[in-house]
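Each remark here refers to the structure printed beneath this line.
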Amino acid sequence: MYIKKILWIVSLVGLVVMGGFSYYVYSNVFYSNTSFNNEEAHIYIPTGSRFSDVLEEMRPLLDNAISFEAVANRKGYPSNVKPGHYMIKKGMNNNDIVNTIRTKNIPVFVKFNNQERLENLAGHISRQIEADSLILLNAMTNPQFLKDAGLNRSTAMSIYIPNTYELYWNTTAEAFRDRMLKEYTTFWTTARREKAKNLRLSKEQVISLAAVVQKETAKPDERSRVAGVYVNRIKKGMRLQADPTVIYAKKLKDKDFDQVIKRVLYKDLEIDSPYNTYIHTGVPPGPIAMPDISSIDGVLNYEEHNYIYFVANVTNFGYHKFAKTLSQHNRNKQEYVRWVNANGMRR
């Protein structure tokens, strides 16, 4: 009887211990451990992070950091920290959280538009992925990379076509650069390459001309017509005489790409720069900006017409007036100059 009583007590204690252990496991592993009010929270774990770094990053998002640390240790996470971008959902338990930051690196959508220089692009991209701007710029201008890609420092910007790209946040600078080259290669389909060949322009020259078109007009539906003007000038052996190239040359000369130039002055036309198309024949040695696909295709599918000149249309802002003769162009230009002077645009 005494032995049975002891066995009953032992069994009861065992049940209590097991119950306590079960509760401990449930509360630490399977009970909700998030403290934020939104439906989700995002965490970015940099390359080379230690578990202590992750714990500090996670702490504001957790109800109980100690229980999270215990579960993470039990699952071997501290020795297998993975960099990346992760999303923690409201109500997640420690088990789900650890599994998420170990295996579910979420891509980010990287966007960029008409940057004027690689320096600007590098700064813009560094705000969207882990790599910093200097490392990105060094990767973009790496001499061996440029040589292998058939580029130089002037044409290096050609391969970055404005768009939205899906990448991992911890993508390296070299991987980003290589991805852009791959996208550029894919962009140049057989049809596009054939059109460039018919224009007697290389891919990079098409990009350079498209950049001028991009700067000349913000209206996508006008870009093929503007491109047609420049193609006509090239065919006639004329200089492009594009104001945006003069503006770029001035910014390059002044080493100031933040200045706003609304009006090109006659003295600007004399700036000694390979980008000044009032002095030099042909397209600039490299793009003066990153042209949109609509501008690139505007060049490749240029409108066939007899226009040689164009000037801003002051009665239909954003668009231009086109002319086949210099006398007609001068009349259009006088109208534009009067409007500019009336509005006090000195520079």
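Brief remarks follow.
- Of all residues in region 107-128 being farther than 25 Å from Leu209 by Cα and hydrophobic (A, V, I, L, M, F, W, C), the one that is surrounded by the fewest Cβ atoms within 10 Å (Cβ to Cβ): Phe109
- Considering only residues in region 154-164 that are assigned to a loop (DSSP other than H, G, I, E, B) and not aliphatic (A, V, I, L, M), the one that is surrounded by the most Cβ atoms within 10 Å (Cβ to Cβ) turns out to be Tyr160.
- Selection status of Ile97, part of a helix (DSSP H, G or I) and either surrounded by 14 or more Cβ atoms within 10 Å (Cβ to Cβ) or touching a Phe, Trp or Tyr at 6+ places or on another chain (Cβ under 8 Å) (or both): yes
- For Asn170, the conditions (1) without any contact (Cβ under 8 Å) to a residue 60 or more places away in the chain; (2) farther than 29 Å from Asn276 by Cα; (3) outside any helix (DSSP H, G or I); (4) not basic (Lys, Arg) all hold with the exception of (1).
- Of the residues making up region 68-85, none is without any contact (Cβ under 8 Å) to a residue 60 or more places away in the chain, part of a strand (DSSP E or B) and outside the structural domain of Ala173 (by TED's automatic domain parsing).
- Residues being within 25 Å of Asn341 (Cα to Cα) and either not assigned by TED's automatic domain parsing to the domain that holds Tyr230 or not hydroxyl-bearing (Ser, Thr, Tyr) (or both) - total across region 258-302: 14
- Residue list for region 64-85, restricted to those being loosely packed, with under 12 Cβ neighbours inside 10 Å and either over 25 Å from Thr171 (Cβ atoms) or under 31 Å from the mean Cα position of the chain (by Cα) (or both): Ile66, Gly76, Asn80
- Restricting region 316-325 to residues that are modelled with pLDDT of 95 or more and among the hydrophobic types (A, V, I, L, M, F, W, C), the residue that is surrounded by the fewest Cβ atoms within 10 Å (Cβ to Cβ): Ala323
- Residue match in region 129-140 (condition: under 17 Å from Glu57 (Cα atoms) and either at pLDDT 95 or above or surrounded by fewer than 16 Cβ atoms within 10 Å (Cβ to Cβ) (or both)): yes
- Being assigned to a helix (DSSP H, G or I) and among the charged types (D, E, K, R) is a condition met by at least one residue of region 57-66.
Residue-by-condition table, conditions (1) surrounded by fewer than 18 Cβ atoms within 10 Å (Cβ to Cβ); (2) at pLDDT 95 or above:
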site: Asn232; (1), (2): no, yes
site: Leu240; (1), (2): no, yes
site: Thr245; (1), (2): no, yes
site: Tyr248; (1), (2): no, yes
site: Lys251; (1), (2): no, yes
site: Val260; (1), (2): yes, no
site: Arg263; (1), (2): yes, no
site: Tyr266; (1), (2): yes, no
site: Pro274; (1), (2): yes, yes
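- Of the residues Leu181, Leu151, Leu121, Leu146, the single one that is in a loop (DSSP other than H, G, I, E, B), within 22 Å of Val206 (Cα to Cα) and not polar (S, T, N, Q) is Leu151.
- Exactly one residue out of Ile293, Ile308 is within 26 Å of the chain's Cα centre (by Cα) and modelled with pLDDT of 95 or more: that is Ile293.
The values are calculated or read from the model by the stated rules, or taken from the named source; none is laboratory data. Every value quoted in this text rests on a predicted model; they were computed, and no experiment measured them. Glycine gets a Cβ as well: all are built from the backbone with ideal geometry, and neighbour counts include every protein chain shown.
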